[in-house]
Amino acid sequence: MKTLNLPKEYFIGSYFIDEKICDNMISFFWANKHMHNKTKMPSEVKECIEMGINPNRNVFEPYNSYLKSLNECLKIYQNDYNLNYGLLKMNENFNIQHYKPEEGFYSWHYERDSKRFAERCLVFMTYLNDVDDGGTEFLYQNIEVRARKGLTLIWPTDFTHTHRGVISKTKEKTIITGWFHLDE
């Protein structure tokens, strides 16, 4: 599987999934506008339209193909870092998020920032389209990752991986993002 070859000490895995899966997920997103929601966060923190998908109830294409590819990425990540977590599982909805130009996740944040999210272990994100002037910035790793269609990132959910969106002034960006939890 092709990667970006980020330094291993960043603990950010980078993998590419098939672009056809990305196209199919975008088509699914736009074909199901009745499932769209405006983000619940204040607009100064984040602006986007998102669709929540329950990983334990929603079994359909193209989700099945995406999940299969995502699990392949997770296995490589676990192997690269000798993670002996046992089974990791998605226990909460993951999101397809669409950002118009100048929209994004503006604030620095990390994914396990409260007791409510304490079981989150790893975060994943897949860019569904190319955005030359957009992506994700990681604070402590001091890097920006450009949005490239099919690029899937996996990283720890803690404060060590504080991040925010790199906001495009000209292009739309669509991603899939969610979390792996320790399975009991």
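Over 28 Å between C-alpha atoms is what I'm after, so list which of K8/K38; K89/K169; K75/K169; K8/K68; K68/K149 land there. Don't jump to the answer; show the numbers that get you there.
Working: K8/K38 36 Å; K89/K169 36 Å; K75/K169 35 Å; K8/K68 24 Å; K68/K149 17 Å.
Where the Cα-Cα span goes over 28 Å, the pairs concerned are K8/K38; K89/K169; K75/K169.
DSSP loop (so not H, G, I, E, B), at most 16 other Cβ within 10 Å: list which GluC sites (Glu not before Pro) in segment 1-44 pass both filters. Walk me through the numbers on the way to the answer.
Details: sites: E9, E19, E44; in loops: E44.
Passing both the DSSP loop test and the Cβ count: E44.
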Query raised in the report: Of all trypsin sites (Lys or Arg not before Pro) in segment 2-97, which ones are in loop regions per DSSP and have a Cβ with at most 14 other Cβ atoms within 10 Å?
Result: K2, K40, R57
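When only DSSP loop residues count, what GluC sites (Glu not before Pro) in segment 71-105 have their Cβ near at most 12 other Cβ atoms within 10 Å?
On the way: sites: E72, E92, E102, E103; in loops: E92, E102, E103.
Answer in residue order: E102.
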Query raised in the report: What length, rounded to one decimal in nm, is gained on full extension from S107 through to E72, with 0.36 nm per residue of separation minus their alpha-carbon distance?
Result: 9.6 nm
Query raised in the report: Let a ≥ b ≥ c be the square roots of the eigenvalues of the Cα gyration tensor of the chain; is it rounded (a/c under 1.5), or, if not, prolate (a/b larger than b/c) or oblate?
Result: rounded
Requested in this report: Can you pull the one-decimal nm distance between simple spin-label points at M41 and D23, each 7 Å off the Cα toward Cβ?
Outcome: 3.1
Query - Two-site label geometry, R57 and R116: point separation in nm, points 7 Å out along Cα→Cβ - result: 1.9
Query raised in the report: What is the magnitude of the charge dipole of segment 57-184 about its Cα centre, with +1 placed on the Cβ of each Lys and Arg, -1 on the Cβ of each Asp and Glu, and no other charges, expressed in debye to the nearest 20?
Result: 140
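Helix-derived [θ] at 222 nm for the chain: sum -39500 (n - 2.57) over DSSP H runs of at least 4, divide by residue count, nearest 500?
-5500 deg cm²/dmol
Apply 1/(1 + (r/R0)^6) to the Cβ-Cβ distance of D132 and L182, taking R0 = 35 Å, and write down the FRET efficiency to the nearest 0.05. Before the final figure, lay out the partial values.
Details: r = 37 Å, r/R0 = 1.06.
Efficiency computed from Cβ-Cβ geometry: 0.40.
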Requested in this report: Scan around G134 for amide H atoms under 5 Å from its own, H built in the peptide plane at 1.01 Å from N, and keep only partners 5 or more places away or cross-chain.
Outcome: A147
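Computed from the coordinates by the stated procedures, all read-outs in this text should not be read as laboratory data. These numbers were taken from a predicted model, which means no experiment stands behind them. All Cβ positions, even for glycine, are placed from backbone atoms using ideal geometry, and neighbour counts span all protein chains on display.
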